[in-house]
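One structure is given here, and the rest of the page talks about it.
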Amino acid sequence: MTKVITYGTFDLFHEGHYRLLQRARMLGDYLIVGVTTDKYDIERGKLNVVDSLMTRIENVKKTGFADEIIIEETQGQKVNDVKKYNIDIFTVGSDWTGIFDFMNDYCKVIYLERTKNISSTMLREQNRRILKAGIIGTGRIANRFMPEVKLVSGISAQGVYNPHQQSAKQFAQKWQINAYNDLEMLFHDVDVVYIASPHETHYGYVKASLEHGKHVLCEKPMVLAEKQAKELFNYAREHNLILFEGIKTAYCPGFEKLLGIACSGIIGSIRYIDACFTKLEQKNNRELLDKKYGGSFTELGSYCLLPIIKLFGEKYESIRFDVVHDESGLDIFTKASFTFTRGIATAFCGLGVKSEGRLLIAGTKGYIVVEAPWWKTTYFEVHYEDASQVDKYSERFLSDGLRYEIKDFLNMINRNNKSDFKLTRGESVAMAGIMEKFLIEEGRLT
Ligand code: C2G
């Protein structure tokens, strides 16, 4: 009996998939089809899958060509499958020609002619038109957004706005998009807005974007006052718009895994969280020049508050800020200490003091430690009373990671996948409230 195996995502099942499976089946007597998990697709950079795994399996099954369906969940699984299932032929479409030649050491490799003029990507783009994004702000983070947005299908950067025309022009030239010096014109031409301007301008830009019927992805901290956050989220909800705070850590696969493990019971009940993020800045950077809205806490606080609020909840019993100021009175190192009913937490943020950037989650049975850059979680360890026992976990994090939040933002707009649990409105509002409290205590807001 000749056994054949093939793999695929089989998203938005189409004729190309059907013909591939039909011919694969004809290569032998028994066909095994490996269908990729969502997680594996994200890991290999496929960020736009629409159908759920169950739907994709169901569609492969319906063809009647698969004698057996298996799940493909990790890189490197193929060779193991070939051995495990005694495979004679591995086959895949001609778009992969050459890539799987190494498998010839284990079985015969056949690349089947790919069916022309049909693909899941084409269907995805037919089904929902490509959303045009307008970018407000031209700073470092906007420059990081540009290469990442290109990797997520269903969205394309249309143009950029900056009240300083020269900056908008330079940015537009660099990234080959349009420069706008009139916000109304930008709103006219786009479907969604990405806001990466200085913190204190976020509220006005978010409000204006929502009022023009645009979905908004706003950099963190979205706003610096609880009332403003509530008002904007309420407005978005009433008008069926997505308002999304871009704390990239919240959308990164490794961080999601970390939260899952932290809540799994293996470290018992969580009683202490300590999150630290420091980044030494040049004295002439905006974060240190802006004496009202700059400083360590507004700049880095969102990252450190995220694991605390995700794990202990939005409601704390007490909060206390201990601050190291520079000669101008700006916070260059801030420690926010919380008590919750379930435990205690500290968030350390530094722009002018360097410390060990680490996330520690301590429970009644053990603790989790994530070294810097824990905000781009790729690896973490779980330790127990018995120091010789260490569980290690890892996850991929591609480049700057903004692609994950852009993908989740799009999923929410297109109602494809549930992503809003990764950073809820309530959690965003709570963070705005903490920022506000800090600025009031520092005498910067009344
Ligand atoms: N295919 C085809 N013709 C098309 C589109 C796709 O023959 N017009 C083939 C692909 O070459 C692949 C299979 O259909 O063999 C499934 O395609 P996808 O769902 O796009 O999956 P893919 O990302 O190619 O996964 O581990 C995963 C595999 O390596 C391939």
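The values are calculated or read from the model by the stated rules, or taken from the named source; none is laboratory data. None of the values given here were measured: they were computed from a predicted structure. All Cβ positions, even for glycine, are placed from backbone atoms using ideal geometry, and neighbour counts span all protein chains on display. The accessibility values were calculated without ligands, DNA or RNA, using every heavy atom of the protein model including side chains. Shrake-Rupley method; radii C 1.70, N 1.55, O 1.52, S 1.80 Å.
Looking only at region 182-194, which residues are surrounded by 14 or more Cβ atoms within 10 Å (Cβ to Cβ) and without any contact (Cβ under 8 Å) to a residue 60 or more places away in the chain?
The answer is Leu183, Met185, Leu186, Phe187, Val190.
So the check is Cβ under 9 Å with 6+ separation or different chains; which pairs have a first residue in region 105-131 that's over 20 Å from Val92 (Cβ atoms) and a second one that's within 8 Å of the ligand (Cβ to nearest atom)?
Arg124/Asp11
How many residues are outside any helix (DSSP H, G or I), over 21 Å from Asn234 (Cα atoms) and open to solvent by 30 Å² or more (accessible area, probe 1.4 Å) if we restrict to region 401-443?
4
For Asn86, only one of the following conditions fails: (1) within 33 Å of the chain's Cα centre (by Cα); (2) at pLDDT 95 or above. What is its number?
Only one criterion is unmet by Asn86, namely (1).
Six or more apart or on different chains, Cβ atoms under 7 Å: show the pairs whose first residue is in region 1-14 and in contact (Cβ under 8 Å) with a residue 60 or more places away in the chain and more than 14 Å from Phe65 (Cα to Cα) and whose second is part of a loop (DSSP other than H, G, I, E, B) and more than 11 Å from the ligand (Cβ to nearest atom).
Sorted first by the residue in region 1-14, then by its partner, the pairs are Thr2/Gly28; Thr2/Asp29; Thr2/Asp88; Asp11/Val50; Leu12/Val50.
For every residue, the table says whether it meets (1) touching a helix residue (DSSP H, G or I) at 6+ places or on another chain (Cβ under 9 Å); (2) open to solvent by 40 Å² or more (accessible area, probe 1.4 Å).
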residue: Asp38; (1), (2): yes, yes
residue: Arg44; (1), (2): no, yes
residue: Ser52; (1), (2): yes, yes
residue: Lys62; (1), (2): no, yes
residue: Asp67; (1), (2): yes, yes
residue: Gly98; (1), (2): no, no
residue: Tyr106; (1), (2): yes, yes
residue: Lys116; (1), (2): yes, yes
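Just give me the residues in region 246-273 being outside any helix (DSSP H, G or I) and either open to solvent by 10 Å² or more (accessible area, probe 1.4 Å) or closer than 19 Å to Gly343 by Cβ (or both), in sequence order.
Cys263, Ser264, Gly265, Ile266, Ile267, Gly268, Ser269, Ile270, Arg271, Tyr272, Ile273
May I ask you to list the residues in region 382-405 that are touching a residue at least 12 places away in the same chain (Cβ under 8 Å), among the acidic types (Asp, Glu) and farther than 30 Å from Ser153 by Cα?
Glu385, Asp391
Step by step: first the residues of region 195-222, then only those that are assigned to a loop (DSSP other than H, G, I, E, B) and of a type in the set (A, V, I, L, M), then the one that is surrounded by the fewest Cβ atoms within 10 Å (Cβ to Cβ). Which residue is that?
The selected residue is Ala196.
Return the residues of region 312-335 that are in a strand (DSSP E or B) and out of contact with any Gly (no Cβ under 7 Å at 6 or more places or on another chain); say none if nothing qualifies.
Scanning region 312-335 gives Ser318, Ile319, Arg320, Phe321, Asp322, Val323, Val324, His325, Thr334, Lys335.
Within region 1-13, take every residue that is within 18 Å of Lys116 (Cα to Cα) and more than 7 Å from the ligand (Cβ to nearest atom) and give me the one that is nearest to the chain's Cα centre (by Cα).
Step by step, filter region 1-13, then rank; the result is Leu12.
Can you tell me how many residues within region 94-109 are under 14 Å from Asn80 (Cβ atoms) and either outside the structural domain of Tyr7 (by TED's automatic domain parsing) or within 11 Å of the ligand (Cβ to nearest atom) (or both)?
The number of residues fulfilling the criteria is 1.
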